[in-house]
Amino acid sequence: MAFAFAAGAAPGALAQGKDFKVALIAGKTGIMESYARETEAGFMLGLEYLTKGTMAINGRKIKVIVKDDQSKPDLGRTLLAEAYGDDRVDIAVGTTSSGSALAMLPVAKEYKKVLIIEPAVADAITGDKWNKYIFRTARSSMQDALAAASTLKGGSIGFLTQDYAFGRDAIKAGKEALAATGSSAKVVHEEYAPLATTDFTASSQRLFDALKDKPQPRILQIVWAGPNPMNKIADLRPERHGIVLSPGGNILPVMKTWKNFAGTQGTIYYYYDFPKNKMNDWFVAEHTKRFKAPPDMFTAGGMAAAGAVVAALSRVPDGNGDKMVAAMEGMSFETPKGLMTFRKEDHQAIQPMYHFRIKKDQKNEWDLLELVREIPASEMPLPVKNKR
């Protein structure tokens, strides 16, 4: 499915060159479809904002070709090859699943075209599976982990996550982050549940048994993509063992269910009320007007990817992949979180994160979190892990 926009552009200006073509690949079918829908909405809003409603750069229209990889690695790889080879896109963005994103990386190298990773977080994307055509606007598992570790100074930690690339990557990063930040907190148990788990009794009991006699604070860290199990685990009364639940940030519909956990703290990539800048102000107001709800974390990621795309195409309008790589290394670009910069060494976007507390007094259905503090990128010692 393709969308072409040129509202407000002068006909004479449009004649200056052919359309820019951008592929957006997302897992719009399956367990991560809500994330994919948010990414697409944010991406289109980002293009609108950055082009002042014209959906054109220097008079050339931006044509966005949206493809659904269903979070399947083989399909993701095929669709990206189709985008570069048949559709002849100038640049591509994707995808929702880390497994599918990893399968797409060699295709970018084969076609010598830039692929911006959003929102997949697996560290291997900018680590041992990386190549020079890969840039990531999304945060990495390690950035998530370093943000969380910055709030944990001691005690005992048990991890609960899903048994696939995202989950295992996140826990590996979590342990490395504790060491990197000098935390004295000890990981006492790692629990990997099947992706579609709905009954968390057995997993929770193993975590409770591992944590209950360990030094305080006893923290059960939940790292979960999709419907979060925090309420189900809370029903098993971890507090009787002195165990505190610590969720990673999630999408707004999930966090709406956390109202019984006022005071609980965690870290998050984006929450609409935290960043204070012109782009985010427009983003929140416009998204709320159109969708009757504020933008979510994956919507913000889509908008960040749009910022990188517009900056890249503005610098290299002929779409040459090697010239684009050179222009994007060290490039800063506008996002709802403020300026992000692609680190030259591995093309990871360097960015702040946020330490939150769940609000006790919520004024409306979306008034969920209060900011403890913004965690600057300088406090998250992100290692370079590629083989450049």
Could you tell me, in Å, what Rg and Dmax come out for the Cα atoms of the stretch 13-67?
13.1, 43
What's the angle, to the nearest 10 degrees (0 to 90), between helix 73-85's Cα axis and the longest principal axis of the chain?
20
If you build the convex hull over the alpha carbons only and average its shadow over all orientations, what do you get for the stretch 86-218? Give it in nm² to one decimal.
9.3
Sorting check: for 367-373, 347-353, 32-38, which peptide has the highest mean count of neighbouring beta carbons within 10 Å, and how do the rest follow?
347-353, 32-38, 367-373
Taking all protein chains in place and a 1.4 Å probe, what share, in percent, of the accessible surface of the stretch 14-156 do carbon and sulfur account for?
48
At 1.4 Å probe radius, can you tell me the per residue accessible area of the stretch 345-388 in Å²?
54
For the stretch 135-176, what is the convex hull volume of its Cα atoms per residue in Å³?
77
Considering only 189, 162, 51, whose Cα is most displaced toward the positive end of the charge dipole of the chain, charges sitting on Cβ of Lys, Arg (+1) and Asp, Glu (-1)?
51
For the stretch 44-129, the Cα gyration tensor yields equivalent-ellipsoid semi-axes (√(5λ), largest first, whole Å) of 24, 14, 12
Once the principal axes of the Cα atoms of the stretch 263-388 are found, what is the range along each, listed largest first in whole angstroms?
52, 35, 19
Which percent of the Cα-Cα distances in the stretch 175-274 go past 16 Å?
60
Probe 1.4 Å, accessible area per residue of the stretch 218-344, Å²:
37
Which of the trypsin sites (Lys or Arg not before Pro) found in the stretch 281-320 are in a DSSP loop and have at most 14 neighbouring Cβ atoms, other than their own, within 10 Å?
292
Of 149, 35, 243, which is farthest along the charge dipole of the chain in the positive direction, counting Lys and Arg as +1 and Asp and Glu as -1 at C-beta?
149
Using only the Cα atoms of the chain, each taken as one equal point scatterer with no solvent, compute I(q) by the Debye sum, divide by I(0), and report log10 of the ratio at q = 0.09, 0.13, 0.14 Å⁻¹.
-0.50, -1.03, -1.19
Report, in deg cm²/dmol and to the nearest 500, the calculated mean residue ellipticity at 222 nm for the chain, where each DSSP H run with n ≥ 4 adds -39500 (n - 2.57) and the sum is divided by the residue count.
-10500 deg cm²/dmol
If amide hydrogens are placed 1.01 Å from N in the peptide plane, which non-local residues have theirs closer than 5 Å to the one on residue 67?
24, 25, 26
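The values are calculated or read from the model by the stated rules, or taken from the named source; none is laboratory data. Predicted, not measured: the structure shown is a model, and the values here were computed from it. Counting neighbours? That spans all protein chains shown, and the Cβs are built from the backbone with ideal geometry, glycine included. Heads up: the accessible areas ignore ligands, DNA and RNA and are worked out on the full protein's heavy atoms, side chains in. Shrake-Rupley method; radii C 1.70, N 1.55, O 1.52, S 1.80 Å.
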